[in-house]
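Below is one structure, written out as structure tokens; comments come after it.
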Amino acid sequence: MPLYEHVMIARQDLSNAQAEGLIEHFNAVLADNGGKTLDSEYWGVKTMAYKINKNRKGHYAFLRTDAPTAAVQEMERLMRLHDDVMRVLTIKVDAHEEGPSVQMQKREERGERRERR
């Protein structure tokens, strides 16, 4: 099955438990449609670069999935209809990276940055 990575931004006035509940809900949607979540990370409340629906901050979540296209489309459809979800980004990848995402790594653990030209 194809591999996907999803990033979701939920409203800032949700509690941490409610935001993590959204992640579990969408994991269940994938499982019901024949997919599986390989890894999920809750990144917490972060400030956005610009306002979305009059919100300056949002709860960020990251999912790594292995699911058929129909399951991903159904999950995205439900995310877009959900009142608490502001934005969704889904990317199809060839392989998942091992370990935590860059957002969850400490600065010392990240690789060296390239020089800018």
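Throughout, read-outs are computed from the coordinates displayed, never taken from laboratory work. Quantities reported herein were computed from a predicted structural model and do not represent experimental measurements. Here the Cβ positions follow ideal geometry from the backbone for every residue, glycine too, while neighbour counts run over all protein chains shown.
Would you calculate the convex hull of the Cα atoms in the range 1-57 and tell me its volume per residue in Å³?
Numbers: hull volume 5.6 nm³, N = 57.
Per residue, the Cα convex hull of the range 1-57 comes to 98 Å³.
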**OP:** Kindly give the semi-axes, whole Å and largest first, of the ellipsoid equivalent to the chain, taking each as the square root of 5 times a Cα gyration tensor eigenvalue.
**Re:** 23, 21, 13
**OP:** Evaluate the relative contact order of the chain (contact order divided by residue number), counting alpha-carbon pairs under 8 angstrom at least 6 apart; express in whole percent.
**Re:** 38
Subject >> Cα→Cβ-extended label distance, 7 Å offset, between residue 73 and residue 53, nm >> reply: 2.4
Original post:
For the pair residue 38 and residue 16, how long in nm is the line joining their label points, each one 7 Å along Cα→Cβ?
Top reply: 2.8
